[in-house]
Amino acid sequence: MFANSNVLVINCGSSSLKFSLMDAITGKVFVDGIAERLMTSAATIKINMLDKHNKLSLNAPFDHKIAIEKLVELLTQANLIEKISAIGHRVVHGGEQYSQPILITESIKKTITQLSKLAPLHNPANLIGIVAAQQAFEQLPQVAIFDTAFHQTMPEKAFMYALPYELYQQNSIRKYGFHGTSHYFVSQQAAKQLRKPIEQSNFISAHLGNGCSVTAVKNGQSVDSSMGFTPLEGVMMGTRSGSIDPGIIFYLVEQLDYSLNEVNQLLNKKSGLLGLSTLSNDCRTLEQATSSDDSEKSRLATLALAVFCYQIAKSIASFSASLTNLDALIFTGGIGENSTFVREQILTHLSLLNFYIDDEKNQTTRLGVSGNICTTNSRPCLVIPTNEEWVIAEQTYSLLQQKNQG
Ligand code: ADP
């Protein structure tokens, strides 16, 4: 019987592994942490266990498998290991195959591998985490939760590109949308805060972190999202350009002798806030730099933030075409939850949609605080801290309960 609701959530990237052991029902976290710079000599693993902080740096470079073994060791010492009932994995790309959480089997692993061609930076790393966890927790069921799943309700008119149709039919080239788990979580929370059934709730949700995406949610379902075939499309981000004229790519290759790999690096790693400011991808650093004595530094930081906020505001406004009602705008992610400056700048562009910021509420709603930052005569704009780990734990637990009952 699947009685225990404690789930270990694993989010594995190419050089990092985040984990969180939590009660899927209450969201209470017992252990969390991150292993970073894996496979380099600077690899570290930080584990926060029930108020105790453990930071381990091993002398030799270590990989995902050893990071999980270290975690198992500490969980065993703390008598927590037998309290885990299942493992939930974040998997970035589920293609058109997966719109729901799925119990991981050998054939599911094969499909995730096949989908790697759509997400070469992410799915292979997610699989490394799955394999390492299967070795460490042989007896436990493992579930995959896909970042694209929430967006599988997008209608054709939203997900098709104006390219020859056979590229969709034969090569699966279409918009998928990402950050689905986060947009799902904050829209559920927003409906609760507004005391409306989620099936009747309409939102535009802006997840603004290192990666940024905006999603239109109609009657609780995603109907459009700014990220596309890859997470590169849409609004500019920390280091990603977001949408640009594809003609720039031809120009870079044909006239400026860029290789395709260099274009890829440029658009994914060297653009966005970092590229425009020439200073940093970090919103806090740029906000500080706007008042720097160095006038060029302050000019470029101000410019980068202005382009960022304007692009996000335009993306939000464009999604009014996807909805017939709008109950609230939602801000989440590190920037959306904390940056009073960015929120204010974005909302200044949105007065035509009847958004008017309340300065005092904007200042007090940050650092984990949730609430409406707009005036009483404005349409609501809710700041809601995201919690993708809790969604993964909750969906893992529900799936296994259904399987046990069915
Ligand atoms: P990720 O997408 O990697 O999960 P986060 O959601 O943590 O990233 O967001 C990271 C971004 O949030 C960074 O640009 C960081 O500067 C920004 N951020 C975090 N705290 C603040 C703050 N207090 N004020 C402004 N920006 C913040």
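Structure notes:
- Of the residues 148, 76, 105, the single one that is in contact with a Ser or Thr (Cβ under 9 Å, 6 or more places away or on another chain) and of a type outside the set (Lys, Arg) is 148.
- Scope segment 144-159; condition β-branched (Val, Ile, Thr) and surrounded by 24 or more Cβ atoms within 10 Å (Cβ to Cβ); matching residues: 145, 148
- If you go through segment 334-368 and keep only what is free of Cβ contacts under 8 Å to residues at least 60 places away in the same chain, away from the ligand (no atom under 12 Å from the Cβ) and of a type in the set (A, V, I, L, M, F, W, C), you end up with 347, 350, 352, 353, 355, 357.
- Residues of segment 369-405 satisfying the condition of being among the aliphatic types (A, V, I, L, M) and either more than 16 Å from the ligand (Cβ to nearest atom) or under 30 Å from residue 140 (Cβ atoms) (or both): 382, 391, 392, 393, 399, 400
Residue-by-condition table, conditions (1) among the small types (Gly, Ala, Ser); (2) within 19 Å of residue 130 (Cα to Cα); (3) at pLDDT 85 or above:
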residue	(1), (2), (3)
16	yes, yes, yes
24	yes, no, yes
30	no, no, yes
46	no, no, yes
65	no, yes, yes
68	no, yes, yes
71	no, yes, yes
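- The number of residues in segment 75-104 that are over 28 Å from residue 169 (Cβ atoms) and not small (Gly, Ala, Ser) comes to 14.
- With respect to (1) charged (D, E, K, R); (2) more than 12 Å from the ligand (Cβ to nearest atom); (3) more than 22 Å from residue 121 (Cβ to Cβ), the lone exception for residue 284 is condition (2).
- Of the residues 122, 89, the single one that is in contact with a strand residue (DSSP E or B) (Cβ under 7 Å, 6 or more places away or on another chain) and of a type outside the set (Ser, Thr, Tyr) is 89.
- Options 217, 307, 235; residue that is away from the ligand (no atom under 12 Å from the Cβ), touching a residue at least 24 places away in the same chain (Cβ under 8 Å) and part of a strand (DSSP E or B): 217
- Residue count for segment 190-214 under the criterion of being within 16 Å of the ligand (Cβ to nearest atom) and over 16 Å from the mean Cα position of the chain (by Cα): the result is 0.
- Boolean, residue 25 is of a type in the set (A, V, I, L, M), surrounded by fewer than 17 Cβ atoms within 10 Å (Cβ to Cβ) and touching a residue at least 40 places away in the same chain (Cβ under 8 Å): yes
- Residue 39 vs. criteria part of a strand (DSSP E or B) and in contact (Cβ under 8 Å) with a residue 12 or more places away in the chain: no
- Matching residues in segment 264-285 - criterion: being out of contact with any helix residue (DSSP H, G or I) (no Cβ under 7 Å at 6 or more places or on another chain), over 22 Å from residue 246 (Cα atoms), in a helix (DSSP H, G or I) and not basic (Lys, Arg): 285
- Leading residue by the ranking (modelled with the highest pLDDT) among those in segment 361-406 that are part of a helix (DSSP H, G or I) and among the basic types (Lys, Arg): 361
- When segment 1-31 is filtered for residues that are aromatic (Phe, Trp, Tyr) and touching a Ser or Thr at 6+ places or on another chain (Cβ under 7 Å), only 2 remains.
- Here segment 244-263 is the region considered, the condition is being in a helix (DSSP H, G or I) and touching a residue at least 12 places away in the same chain (Cβ under 8 Å), and the residue that is farthest from the chain's Cα centre (by Cα) is 252.
- Scan segment 93-125 for residues that are exposed (fewer than 14 other Cβ atoms within 10 Å of the Cβ), outside any helix (DSSP H, G or I) and either free of Cβ contacts under 8 Å to residues at least 24 places away in the same chain or of a type in the set (Lys, Arg) (or both) and the total you get is 2.
- Selected residue [away from the ligand (no atom under 16 Å from the Cβ) and touching a Pro at 6+ places or on another chain (Cβ under 9 Å)] from 257, 327: 327
- Test result for residue 152, part of a helix (DSSP H, G or I), more than 16 Å from the ligand (Cβ to nearest atom), more than 14 Å from the chain's Cα centre (by Cα) and without any contact (Cβ under 8 Å) to a residue 24 or more places away in the chain: no
The values are calculated or read from the model by the stated rules, or taken from the named source; none is laboratory data. None of the values given here were measured: they were computed from a predicted structure. FYI the Cβ positions are ideal-geometry reconstructions off the backbone, even for glycines, and counts take in every protein chain you see.
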